[in-house]
Amino acid sequence: MRTVKGALILVFVILMFGCWLMSLIASAFHERPNVEPEEVHRYGVVLLMAYCFLALITTIGEKAITFSPAEMAFLFPGPFSRRQLLCYKVVGAIMTLSLSALFFSLVMRRFAHMWIAAFLGALLILLFVHLFSMTVALVTTTLGEGAYTRRRKFMLIAFVLLIILLAATQGRDLLKLDPQELWKQVHGNALFNGLTTPLRWLFDIVTAENVWPDLILALGRGLLVNGALFAIVLVLDAQYLEMSAAASEQLYARLQRIRTAGTAAAAPSRPGKKPRFTLPDLPWWGGAGPTAWRQLLTVARAARNLLVILAIVLFIALRPLIFHDHKPDAAEDLTLPRTMVAMTFFMTMFFFTLLPFDFRGDLDRMDLLKSLPLGAWQIAVGELIAPVLLVATLQIFCLAAIQAVVGSLGWLLPAGVAFALPFDWLVFGVVNLLFLWFPTRMAQAGADFQLMGRQMLFMMVLWLSIALLAGTAAGVGGLVYWLTAQSQLPALVAAWLVLSGFGIGLIPLVASAFRRFDVAADTPP
């Protein structure tokens, strides 16, 4: 509230969040449940099972018992036993999860007949997730690292054997079914139902129709499940303090990396280990080459996380092709290919936050960038090259995959390749311009009420800006298309020139915003 920008953002978030929350409350208490209880059990159980499986085979569980640096300095030397510290973490989790359950109860109200059932069900489900993770962490500490590695291999083998057993009991035609029918068959299996009964008890709370006996009995079974996990946590009483301190330090360091460089920097660094490869020096490019080389090197070093992002993007972009029954005689139908090409470009508007290889990742290096003997426009161009090249390469790869599967893109393929660079330059130019005007970190150390307002305002302005600029280019292309008697090539060239002109025009704006960026006043905490 001490600055005009801060006051405007606060007013904006109050209006947006208040309207959204009021509509959510109104719909929660006026709409009747429109989902069958069996559907809630079916898909809720698979989500909980997926989390439990990930906690068993990955390191998610090890981070369930973590303490902040202040807690480690104050509580670890204090006169508290390990079980008292566990109880402290569980009680603190219940208080935190109660607030989360209050929010989730509004979302889950459309699945429940009573709000209190949605709230209690959400609370016990979240508590089950937390206690299960704590149990995995304590079991891992008790068994040791070697046994933990063997346990992960055993769980993978057991999972494969379970799938084989379910397939054997359901018959050979099981794998020929579509995903929805396949899940219905598995859900109706007696073995599967027996293994997932405790998980179904938790969702019985959400779908209870009456307080007595439905809700009370379901609540008792849910408390029994969570109570059993809590008893296991107390009985294990493992020497977890050293593990918790190490996990807490790793989590804090990871948060700092994310706050500085975004999600792609979440992978832990390995001190003392030499990098396996480097990139050749780029040309000088008027001073933009060294900055672009450093950002491209960051992209190469974050390749592991980027592969995960790439897999997600490709699945979202190519999902209609994977599940679409495309027949050879429908090659002339361009409806699906055009939709796929549009999704390939629009996904840039959703995944740019995962690729902060520009000014957003250099927030803590602004003083160093300003001290370089380069002009502001040279630094601006160098910062934009890496994310633009990365996303453009990803889009061209998606277009090639669509062409390989559909085989009927025609002029859409060369047009998509030609428009990839100017469109991505336009998107990341606007993103960096807005970031320099309204700087914020990629992740916050704590709850920031204004962060939601910043993100909503950022996305709204971004979408409006891209719609205006890209729409203008499309309008010019349409006008040329009409004037040239429906000739596609001149229309595409005109639209490309206008779009490229807008991208080039953003360079002085971004450079001016960087020049005006005050490191002392504008750098967020």
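The values are calculated or read from the model by the stated rules, or taken from the named source; none is laboratory data. Here the structure is a predicted model, which means the values were calculated and not measured. Please note: Cβ atoms are built from the backbone with ideal geometry, for glycine as well, and neighbour counts cover all protein chains shown. Please note that ligands, DNA and RNA were not included when accessible areas were found on the heavy atoms of the full protein model with its side chains. Shrake-Rupley method; radii C 1.70, N 1.55, O 1.52, S 1.80 Å.
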For this session: Working carefully through the options Leu499, Leu462, find the one that is open to solvent by less than 70 Å² (accessible area, probe 1.4 Å), closer than 27 Å to Thr353 by Cα and modelled with pLDDT under 90.
Result: Leu462
For this session: Return yes or no: is Thr169 closer than 30 Å to Thr66 by Cβ, among the β-branched types (Val, Ile, Thr) and at pLDDT below 85?
Result: no
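If I go through region 356-373 residue by residue, how many of them are crowded, with 17+ Cβ neighbours inside 10 Å and more than 27 Å from the chain's Cα centre (by Cα)?
At the first step, the residues of region 356-373 found to be crowded, with 17+ Cβ neighbours inside 10 Å are 356-363, 366, 369.
Right, trim to more than 27 Å from the chain's Cα centre (by Cα) and you get 369.
Final tally of qualifying residues: 1.
Which residues, counting only those in region 484-525, are of a type in the set (S, T, N, Q), outside any helix (DSSP H, G or I) and farther than 20 Å from Ile379 by Cα?
First, the residues of region 484-525 that are of a type in the set (S, T, N, Q): 484, 486-488, 500, 512, 523.
Those left that are additionally outside any helix (DSSP H, G or I): 484, 486-487, 523.
Across region 484-525, the qualifying residues are Thr484, Gln486, Ser487.
Only one of Leu255, Leu215 is at pLDDT 60 or above and of a type outside the set (D, E, K, R); which?
Numbers: Leu255 fails: at pLDDT 60 or above.
On inspection, the qualifying residue turns out to be Leu215.
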Problem set entry | Residue tally, condition farther than 16 Å from Trp425 by Cβ and in a helix (DSSP H, G or I), over region 352-377 | 12
For this session: Of the conditions (1) more than 27 Å from the chain's Cα centre (by Cα); (2) modelled with pLDDT of 85 or more; (3) surrounded by 15 or more Cβ atoms within 10 Å (Cβ to Cβ), Ala228 clears all except one; give me its number.
Result: (3)
For this session: Show the residue pairs that are 6+ apart or on different chains and have beta-carbon atoms under 6 Å apart, the first residue being within region 468-489 and farther than 16 Å from Ser500 by Cβ and among the aromatic types (Phe, Trp, Tyr), the second being open to solvent by less than 40 Å² (accessible area, probe 1.4 Å) and part of a helix (DSSP H, G or I).
Result: Tyr481/Ala491
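For residues that are in contact (Cβ under 8 Å) with a residue 60 or more places away in the chain and open to solvent by 30 Å² or more (accessible area, probe 1.4 Å), scanning just region 2-13, find the one that is nearest to Leu434 (Cα to Cα).
The initial filter retains those residues of region 2-13 that are in contact (Cβ under 8 Å) with a residue 60 or more places away in the chain, namely 5-6, 9-10, 12-13.
Okay, now just the ones that are also open to solvent by 30 Å² or more (accessible area, probe 1.4 Å), so 5, 10, 12.
Working: Lys5: 13, Leu10: 17, Phe12: 16 Å.
Per the stated criteria, the residue is Lys5.
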Seminar exercise, completed: Within region 399-428, the count of residues that are open to solvent by less than 10 Å² (accessible area, probe 1.4 Å), over 11 Å from Phe345 (Cα atoms) and part of a helix (DSSP H, G or I) comes to 3
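Look at Thr348 and say whether it is among the hydroxyl-bearing types (Ser, Thr, Tyr), modelled with pLDDT of 70 or more, under 18 Å from the mean Cα position of the chain (by Cα) and over 28 Å from Trp411 (Cβ atoms). Spell out how you get there, then give the answer.
Working: among the hydroxyl-bearing types (Ser, Thr, Tyr): yes; modelled with pLDDT of 70 or more: yes; under 18 Å from the mean Cα position of the chain (by Cα): yes; over 28 Å from Trp411 (Cβ atoms): no.
For Thr348, the condition - among the hydroxyl-bearing types (Ser, Thr, Tyr), modelled with pLDDT of 70 or more, under 18 Å from the mean Cα position of the chain (by Cα) and over 28 Å from Trp411 (Cβ atoms) - is not met.
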